[in-house]
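Data block below; observations after.
The values are calculated or read from the model by the stated rules, or taken from the named source; none is laboratory data. The shown structure was predicted, so the numbers you read here are calculated from the model rather than taken from an experiment. Neighbour counts are summed over all protein chains in view; Cβ atoms, including those assigned to glycine, are modelled from backbone coordinates with ideal geometry. Remember, those area values only see protein heavy atoms, side chains included, never the ligands or the DNA or RNA. Shrake-Rupley method; radii C 1.70, N 1.55, O 1.52, S 1.80 Å.
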Amino acid sequence: MVRLDINALTLWITAAAIGQPDALAQHLVQRSGMSRTTARKALRRLVELNWLVREGTRSRPHYRPGLLRQATHRYALAGLQEDLPWSRDFAPVLQLPRPLLRMVQHSFTELLNNAIDHSDGSSVTVSLRQTPSQVQLLVSDDGRGLFDKIESEFALGDPNLAMLELSKGKLTSLPARHSGRGLYFTARLADVFDLHANETAFQRRAWDEGGWRSGRPLKRQGTSVYAAFAIDTQRTLESVLAASSLDGKGMGFDRTVVPLRLMASDSAGLESRSQARRVAARLEQFQRVEVDFFGVAQIGHSFADELFRVLAPSHGRAELVPVNMSAAVAAMVATVHRA
């Protein structure tokens with residue numbers, strides 16, 4: 001006798017209801033090996049939980065997906081093309097407003113392409129769930145880990161520095177094939193965004209003014225990226241892209257934000273010139289850079305002097321704009337600007 005496992009059924013029942021709406025009980029029996037009685041019990045429970053809607057007659061039921069929908073698939077990375085899983089396995093199970101569907105598709109293909117091109121892994125598992133309030137996307141590969149890859153490629157010795165570089169955008173280990181936009185913009189499309197890699201984690205919340213912060217890591221090898229989108233979000237793909245243009249209207253990636261709280265901690269503040277040089281790395285690629293001091297109570301004179309005066313010529317055309325400064329930070333930055 002096969003045990004009834006509702007959680008396991010939810011991984012594929014949405015697609016089954018779409019593909020076998022008039023023979024769903026028989027499909028459960030064939031696919032899972034459960035008895036017909038157990039299959040009918042499972043279907044009743046799935047209707048109660050809003051995974052299914054039952055229509056038709058008592059003798060000839062017809063099922064369709066309910067408010068809760070999910071698809072989960074595992075793929076070999078070798079030769080995988082990110083558009084095919086979306087169009088074949090995931091898009092058909094969703095029922096979303098067109099602007100939100102476009103944001104989810106953009107995020108799905110960007111994250112899956114990152115696993116294909118950058119993870120150095122052999123497989124990836126993708127799960128996409130729709131609830132009455134959210135769409136939740138999880139992409140997990142078995143590769144070397146995102147932060148390990150960045151630390152190695154760019155000679156960085158700390159996951160926080162790797163995250164700092166990622167947070168700026170335009171970071172890629174394959175410049176001939178990528179522009180470094182994917183992860184930057186996907187994180188801004190989502191209301192909740194989590195990065196996990198080799199027991200290191202960072203998170204970004206749309207309502208958190210300070211942007212990126214450390215998170216609680218998963219105990220697994222490889223990279224896992226979780227993104228959740230509110231069903232009633234007012235964001236669009238176009239509005240998120242435009243926010244990083246210089247005038248807030250175009251599609252050029254001219255503006256970025258550098259969250260300095262990624263570098264600061266209770267035991268190590270922002271005091272040194274070497275820290276300032278890490279902050280300034282690659283900023284010449286932008287025209288406006290918001291240096292975000294949210295969560296940073298104080299800074300040292302050497303840090304401020306190096307970043308805002310000494311390194312000014314190396315910023316190229318980039319305008320450095322300090323934001324979210326405490327009174328102490330603002331006073332220190334002011335002394336540099338008066339120098």
Quick one: is Thr14 of a type outside the set (A, V, I, L, M, F, W, C) and at pLDDT 95 or above? yes
Name the pairs whose Cβ atoms lie under 8 Å apart, with the first residue in the stretch 63-78 and open to solvent by 20 Å² or more (accessible area, probe 1.4 Å), the second among the acidic types (Asp, Glu) and assigned to a strand (DSSP E or B), and 6 or more positions between them or separate chains? Arg64/Glu55
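Select from the stretch 292-312 the residues that are among the charged types (D, E, K, R), surrounded by 19 or more Cβ atoms within 10 Å (Cβ to Cβ) and closer than 16 Å to Ser272 by Cβ and list them in ascending order.
Across the stretch 292-312, the qualifying residue is only Glu306.
Please determine whether any residue of the stretch 313-324 is hydrophobic (A, V, I, L, M, F, W, C), open to solvent by 50 Å² or more (accessible area, probe 1.4 Å) and more than 20 Å from Ala268 (Cβ to Cβ).
No, the stretch 313-324 contains no residue that is hydrophobic (A, V, I, L, M, F, W, C), open to solvent by 50 Å² or more (accessible area, probe 1.4 Å) and more than 20 Å from Ala268 (Cβ to Cβ).
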So if I check each of Val289, Val336, which one is closer than 18 Å to Trp212 by Cβ, aliphatic (A, V, I, L, M) and open to solvent by less than 50 Å² (accessible area, probe 1.4 Å)? Val289
Which residues, taken from the stretch 155-178, are assigned to a loop (DSSP other than H, G, I, E, B) and in contact (Cβ under 8 Å) with a residue 12 or more places away in the chain? Gly169, Lys170, Leu171, Ser173, Leu174, Arg177, His178
Which one of Ala187, Ala201, Ala227 is touching a Lys or Arg at 6+ places or on another chain (Cβ under 7 Å) and under 20 Å from Gly143 (Cα atoms)? Ala201
Among (1) crowded, with 18+ Cβ neighbours inside 10 Å; (2) out of contact with any Phe, Trp or Tyr (no Cβ under 9 Å at 6 or more places or on another chain); (3) within 20 Å of Leu189 (Cβ to Cβ) - the single one Gly145 does not satisfy: (3)
Quick check: anything in the stretch 51-60 surrounded by fewer than 18 Cβ atoms within 10 Å (Cβ to Cβ) and part of a helix (DSSP H, G or I)? no
If you go through the stretch 196-203 one residue at a time, do you hit one that is in contact with a helix residue (DSSP H, G or I) (Cβ under 8 Å, 6 or more places away or on another chain), open to solvent by less than 40 Å² (accessible area, probe 1.4 Å) and closer than 15 Å to Pro259 by Cα? yes
Going by what's in this entry, would Asp247 be described as touching a strand residue (DSSP E or B) at 6+ places or on another chain (Cβ under 9 Å), among the charged types (D, E, K, R) and surrounded by fewer than 17 Cβ atoms within 10 Å (Cβ to Cβ)? no
Looking only at the stretch 256-284, which residues are in contact (Cβ under 8 Å) with a residue 24 or more places away in the chain, within 22 Å of Arg204 (Cα to Cα) and open to solvent by 60 Å² or more (accessible area, probe 1.4 Å)? Arg278
Taking only the stretch 215-236 into account, find how many residues are within 17 Å of the chain's Cα centre (by Cα), surrounded by fewer than 17 Cβ atoms within 10 Å (Cβ to Cβ) and in contact (Cβ under 8 Å) with a residue 40 or more places away in the chain. 3
